[in-house]
Amino acid sequence: MEYTLNFKNNSSQRGNACVFQTDPNLGVHDVLSLAWFAKSALPTTMVKFNWDVNYNFTWSRQGVLIPGVKYEAAQIWDADLSNNNAVDFLKDTSLDAYTFDNQTAGPEDGSLYVYQKRTVTPNQTSVGIGMSGSGTFVVSSQPNMQLQFTPHPKYWIVFGSFEQGEVLDIEKVTSTAQEIAFPVNQYTMNVVLNSDNTWSVH
């Protein structure tokens, strides 16, 4: 089922509308949230965001990520929460190159598993999950570590100078963001940034 979020900029600001996810119960320590989608919106204009709840695995050659850095995916593999929810992440030392491998069904439905192999160099890459083709949560890679992501995403929108893929300072960003909660069996929401920079959702 496709979700749609319609955004209108009724403020005097010029910038980007950014949709991102949070998940306090994701289950991975030190995980970072990414700017999932970002689109420019001048005053009085509207933009539309669409997504499906289709998960994926993602990794980047950027090992140490901090807020403001733009995450650049090196590989994205489609996943689901049952049959294809586990994958190996390894380094081919003969080629000095990383890759996903051996995608299988994980031990439990409802989680996404990344098995980081012993060849992985600490903090040389980052690895995580995404939705609808773009990364949402990533963490610095470590050898011989199993990551179990159990997603229960919350959707948010914020306005400012954001780029898609940018690592977010969640505590700072959520202070001016608006959570978008879709009611059961409702897949379209409308959100307005008002002239006083408050939010209206309907």
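Observations
- The residues of the range 89-105 that are modelled with pLDDT of 95 or more and either among the polar types (S, T, N, Q) or within 15 Å of TYR55 (Cβ to Cβ) (or both), listed by number, are THR99, PHE100, ASN102, GLN103, THR104, ALA105.
- Every pair of residues 6+ apart whose Cβ atoms lie under 8 Å, when the first sits in the range 89-101 and is within 17 Å of VAL114 (Cβ to Cβ) while the second is hydrophobic (A, V, I, L, M, F, W, C) and outside any strand (DSSP E or B): PHE89/VAL120; LEU90/VAL120; LYS91/VAL120; TYR98/VAL120
- Selected residue (only one of ALA86, ALA38 is farther than 28 Å from THR176 by Cβ and modelled with pLDDT of 95 or more): ALA86
Table: residues versus (1) among the hydroxyl-bearing types (Ser, Thr, Tyr); (2) farther than 19 Å from ASN56 by Cβ; (3) surrounded by fewer than 15 Cβ atoms within 10 Å (Cβ to Cβ); (4) modelled with pLDDT of 95 or more.
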{"site": "ASP109", "(1), (2), (3), (4)": "no, no, yes, yes"}
{"site": "LEU112", "(1), (2), (3), (4)": "no, no, no, yes"}
{"site": "ARG118", "(1), (2), (3), (4)": "no, yes, yes, yes"}
{"site": "THR121", "(1), (2), (3), (4)": "yes, yes, yes, yes"}
{"site": "THR125", "(1), (2), (3), (4)": "yes, no, no, yes"}
{"site": "SER141", "(1), (2), (3), (4)": "yes, no, no, yes"}
{"site": "GLN146", "(1), (2), (3), (4)": "no, no, yes, yes"}
{"site": "PRO151", "(1), (2), (3), (4)": "no, no, no, yes"}
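- Considering the conditions (1) in contact with a Gly (Cβ under 8 Å, 6 or more places away or on another chain); (2) surrounded by 15 or more Cβ atoms within 10 Å (Cβ to Cβ), SER40 is excluded by exactly one of them, (2).
- Restricted to the range 134-184, and to residues there that are free of Cβ contacts under 8 Å to residues at least 12 places away in the same chain and outside any helix (DSSP H, G or I), the residue that is farthest from SER111 (Cα to Cα) is SER175.
The values are calculated or read from the model by the stated rules, or taken from the named source; none is laboratory data. Keep in mind it's a predicted model, so treat the numbers as computed, not measured. Cβ: placed from backbone, ideal geometry, glycine included. Neighbour counts: every protein chain shown.
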